[in-house]
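The values are calculated or read from the model by the stated rules, or taken from the named source; none is laboratory data. For clarity, every value in this text was computed on a predicted model and none was experimentally measured. Here the Cβ is made from the backbone with ideal geometry for all residues, glycine too, and neighbour counts use every protein chain on show. We work out accessible area using only protein heavy atoms, side chains counted, and drop any ligands, DNA or RNA first. Shrake-Rupley method; radii C 1.70, N 1.55, O 1.52, S 1.80 Å.
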Amino acid sequence: MNPSERMEAPALIGLDWGTSSLRAYAVDSGGRVLASRRSEHGIMHLPEAPAGSGPNASTQNAARFESALQTLCGDWLQAHPQAALLACGMVGSAQGWREAAYHPTPCAIDQLAQALTPVVRPGGHILHIVPGLIRQGEIPNVMRGEETQIAGVLQGLEATGGDVSSLLIGLPGTHSKWAWVDGGRVTRFETFMTGEVFAVLRHHTILGRTMGDGPPSDASAFERAIRLARPRAGAMGLLADIFSTRTLALTGQLRAEDQPEHLSGLLIGHEVAALLPHLSTPKNRLVLCGETDLCQRYATALALHDHPVSAIQSGVVAAGLWRIAQAAALVSAVPQITCI
């Protein structure tokens, strides 16, 4: 352990293990984050299996995950073998360390604690993996990792006396999720590929050829695009509106540095517009969770549709892992979560 990182004994070592990165949190017996670390060893960027791991593909796969874990926080594990080890995210996917089957909705967040998938590590130590959620139906929907963020949002709201009886939680990102939560139960959720579509359109279509990389010169370009995305008479829909990014540029109405803002506003605006029929219930409090600047963009779009956001939270994964660990009796204490 780094001499500058001296900490009291953690009760939980929580892992947020995604596709491109791995984050680790050491959490004490009161739910406070003592330390955190990050590496680039997401499930698609694992180190090579150590020599002597054996020819079996499954064994080599497990060895690669164990190597990534040891590289990031092996000193924590060695110094604190009594700490519970709990992971969420793509580590539980079919391409992960061990597949953790999706849990069907409706589902109380604390129910996930009863469906953890154990992985026996060297020395008999166990890693528990949080399952994702699935919404069955004609068009099924899934989430993996966001369920732990939702647990963290609930933990944070409850710790501050917030009302969690009826929430709509938005989780903007590459694949934005919107989850309806009633009394701690996820009743339904939707997914929008907004972030990924923005990246593809900007970097792999003709729209990106005229886009500038500098800071926007027109602060209102984003909001104008959100208004353009509103349901309106004669509208041809998202695919038609997207082309305005090019035509406004060609006619000199949109500068190069403002085109990304316009495209972002269109995509987020259409996402929010699609949600409008489901936002009419006044009892649903709107909460956003994720990177602050991105959440603020969504808050702006929602406000332009007269749906103000009640709260924006970030850094909630450690709190969510702690909540699930408590519900699973992996740790036992009165939670006093500090999000980072």
(message) Considering all projection directions equally, how large on average is the shadow of the alpha-carbon convex hull of the chain, in square nanometres?
(response) 20.1 nm²
(message) Give me the dipole magnitude in Debye, nearest 20, for region 149-220 about the Cα centre, with unit charges on the beta carbon: positive for Lys and Arg, negative for Asp and Glu.
(response) 220 debye
(request) Could you calculate the contour length gain from residue 200 to residue 60, that is, 0.36 nm times the residue separation minus the distance between their Cα atoms, to one decimal place in nm? (result) 47.0 nm
(request) Please give the FRET efficiency for residue 244 paired with residue 188, using the beta carbon to beta carbon distance and R0 = 35 Å, rounded to the nearest 0.05. (result) 0.60
(message) I'd like the carbon and sulfur percentage of the solvent accessible area for the chain, probe radius 1.4 Å, heavy atoms only, ligands and nucleic acids excluded.
(response) 53 percent
(request) For region 33-126, report the accessible area per residue in Å² (1.4 Å probe, heavy atoms, rounded to an integer). (result) 49 Å²
(message) Suppose R0 equals 41 Å. What FRET efficiency, 1/(1 + (r/R0)^6) with r the Cβ-Cβ distance, do residue 111 and residue 51 give to the nearest 0.05?
(response) 0.45
(request) Assuming R0 = 25 Å, can you tell me the calculated FRET efficiency for the pair residue 39 and residue 126, based on Cβ-Cβ distance, to the nearest 0.05? (result) 0.70
(request) Just subtract the alpha-carbon distance of residue 210 and residue 306 from 0.36 nm times their residue separation and send over the number in nm, one decimal. (result) 31.2 nm
(request) Give the accessible surface of region 154-302 per residue, rounded to a whole number of Å², with probe radius 1.4 Å and ligands, DNA and RNA excluded. (result) 47 Å²
(message) What are the equivalent ellipsoid semi-axes of region 11-130, built from the alpha-carbon gyration tensor (square roots of five times its eigenvalues), in whole angstrom, biggest first?
(response) 22, 19, 13
(request) Give me the distance in nm between label points sitting 7 Å out from Cα along the Cα-to-Cβ direction at residue 75 and residue 7, one decimal. (result) 1.2 nm
(message) Give me the net charge for the shell around residue 149: Cβ to Cβ below 10 angstrom, other residues only, Lys and Arg +1, Asp and Glu -1.
(response) -2
(request) Return the loop-located trypsin sites (Lys or Arg not before Pro) in region 1-98 (DSSP other than H, G, I, E, B) with at most 16 other Cβ atoms within 10 Å of their own Cβ; answer none if there are none. (result) 6
(request) List the trypsin sites (Lys or Arg not before Pro) within region 211-270 that fall in a DSSP loop (any state other than H, G, I, E or B) and whose Cβ has at most 16 other Cβ atoms within 10 Å. (result) 232
(request) Can you tell me the order of 303-311, 151-159 when each peptide is scored by its average per-residue count of other Cβ atoms within 10 angstrom, highest first? (result) 151-159, 303-311
(message) Once ligands and nucleic acids are excluded and a 1.4 Å probe is used, how much of residue 330 is accessible, expressed in Å² to the nearest 10?
(response) 50 Å²
(request) For n ≥ 4 DSSP H runs only, could you compute -39500 (n - 2.57) per run for the chain, divide by its residues and tell me the 222 nm figure to the nearest 500? (result) -10000 deg cm²/dmol
(request) Obtain the nm distance between the two label points defined at residue 175 and residue 291 by a simple spin-label model: each point lies 7 Å from its Cα along the Cα-to-C-beta direction. (result) 1.8 nm
(request) Using Cα centres only, tell me the gap between region 9-74 and region 196-263 in whole Å. (result) 40 Å
